[in-house]
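Report on the structure given below.
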Amino acid sequence: MRLLNKLFFFVASPCIKILSKVYCAVVFTVLSWVSPNWLSWNKYSESMLRSLEKRILSIVKTPHKGFFVDIGPVVGPADKIWTISLNTESPKTPLVLLHGLGAGVALWCLNLDAFAATRPVYAIDLLGFGRSSRPKFSLHSQKAEQQFVQSVEEWRKELKLKEFILVGHSMGGFLAASYAISHPDQVKHLVLADPWGFPEQTGEFKEIPLWIKTITYIMKPFNPLAGIRVAGPLGPWFINRIRPDISKKYAVALDDHNLITEYIYQCNCQYPSGEGAFHSMMSDFGWAKNPMVRRIDRLREDVPITLLYGSRSWIDHSASDIIKDKRMNSFIKIHVVTGAGHHVYADKPEAFNQIILDACSLTNSNVNSNLAIESAPRDHAETDEPESDSKQ
């Protein structure tokens, strides 16, 4: 039976590719007939995105401010990165937060107070996401990656930050590791939260049904979040239908359960700049064309790593063993947060915050590269559940 499945998939693959391209062309042609102005179909509003971000961040008690940082012609002619900062008067090493695919600064709302209680905190909308500029990235995977890295470095220079603790979630973890390899002098501690793009792509999906493989092939020409834009004004409803758990993660802190889905919609119904770059960097959704495990040994030995995963995340955790093997003379601490999925910072914010604060404490105590590797026990064991501008 498996042999027949493989044979069918081998024969059907070329046809599926052709049909997917035709389907893509038809969909966007129809959309152009329905709405000559693409943005009028996708109800993006800069003022709405600003308002939603402000309402979500209103739960953050620490005074904070938001501002654009002009980084110059990194990708486009005049790129700007939207930034929020907290407790910038503290003399301690700053903490810099890089979000994942399709996210933005407001999604750190459950974490910012805990972090800012001890040190300066900066969270940015990565170039091509959220409120930052939306330039056209290179279609070459390694070039697009380096454009992201250079945008973070130019941002650092503009803010005159000498060094910082760098936290990246998912795609942000992949970019954080790439940045640390290129600019080790600036990274005092690298924290990777359920990072995307680290392991090599597996050769075969042994247990995945044929129909799922077929759908994956059909969707391959699209950017990952194209469905949100195709849905147009129904985008927030579409997000709620495919990921009803997203709003629930913030339900305790936010009275209006629609704020998060509306925010995600406004972040992603714009021109898919950073999303397009992600598409260039990925080899199928779950893997990178240039996996980080191939080059993590290029990271300077004295840069400590804290690696954390959600126990129920779809991200492949196997890269942690490879990282340990390739960095035997470096400090690495690994956490698995029980009950958390991929969005560990929102699924289990208290556990996540404590792990980050512990990493900061290690940085304060000048942890050196010769410390033993540690695999931390699972944090905060709990019953697993299904994952389905300024304030002063």
Checklist line | Qualifying positions in the stretch 249-272 - within 20 Å of V230 (Cβ to Cβ), hydroxyl-bearing (S, T, Y) and buried (at least 19 other Cβ atoms within 10 Å of the Cβ) | finding: T261, Y263, Y265
Next item on the list: Kindly indicate which of G76, G102 is of a type outside the set (S, T, Y) and either assigned to a strand (DSSP E or B) or at pLDDT 95 or above (or both).
Entry: G76
Check: If we scan the stretch 50-58, do we find a residue that is at pLDDT 95 or above and not in a helix (DSSP H, G or I)?
Finding: yes
Check: Restricting attention to the stretch 314-345, and to residues there that are of a type in the set (S, T, Y) and surrounded by fewer than 20 Cβ atoms within 10 Å (Cβ to Cβ), which single residue is nearest to A114 (Cα to Cα)?
Finding: T338
Check: Only one of (1) touching a helix residue (DSSP H, G or I) at 6+ places or on another chain (Cβ under 8 Å); (2) surrounded by fewer than 24 Cβ atoms within 10 Å (Cβ to Cβ) is not met by V121, so which one is it?
Finding: (2)
Margin query: What pairs come out if I take residues in the stretch 304-329 that are farther than 24 Å from F164 by Cβ and pair them with residues that are hydroxyl-bearing (S, T, Y) and buried (at least 22 other Cβ atoms within 10 Å of the Cβ) whose C-beta lies under 9 Å away, six or more apart or interchain?
Written below: I315/S170; I315/Y309; H317/Y309
Checklist line | Restricting the stretch 309-342 to residues that are assigned to a loop (DSSP other than H, G, I, E, B) and among the β-branched types (V, I, T), the residue that is farthest from G197 (Cα to Cα) | finding: T338
Checklist line | Single residue of the stretch 351-376 satisfying the filter (of a type in the set (S, T, Y) and surrounded by 13 or more Cβ atoms within 10 Å (Cβ to Cβ)) that is modelled with the lowest pLDDT | finding: S369
Next item on the list: Go through (1) surrounded by fewer than 16 Cβ atoms within 10 Å (Cβ to Cβ); (2) more than 30 Å from S141 (Cβ to Cβ); (3) modelled with pLDDT of 95 or more and name the single condition K348 misses.
Entry: (1)
Next item on the list: Could you give me the residue pairs with C-beta distances under 7 Å whose first residue belongs to the stretch 97-116 and is of a type in the set (D, E), whose second residue is in a loop (DSSP other than H, G, I, E, B) and surrounded by fewer than 24 Cβ atoms within 10 Å (Cβ to Cβ) wherever it lies, and which are 6+ apart or on separate chains?
Entry: D113/V60; D113/K61; D113/T62
Notebook entry, point to check: So, of the residues in the stretch 54-103 that are closer than 20 Å to V187 by Cα and among the hydroxyl-bearing types (S, T, Y), which turns out to be surrounded by the most Cβ atoms within 10 Å (Cβ to Cβ)?
Noted result: T83
Notebook entry, point to check: For the stretch 169-188, does any single residue satisfy the condition of being touching a Lys or Arg at 6+ places or on another chain (Cβ under 8 Å), within 26 Å of I260 (Cβ to Cβ), crowded, with 24+ Cβ neighbours inside 10 Å and modelled with pLDDT of 95 or more?
Noted result: no
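The values are calculated or read from the model by the stated rules, or taken from the named source; none is laboratory data. Model, not experiment: these values are computed from the prediction. Reconstructed Cβ throughout: ideal geometry from the backbone, glycine too, with neighbour counts over all protein chains shown.
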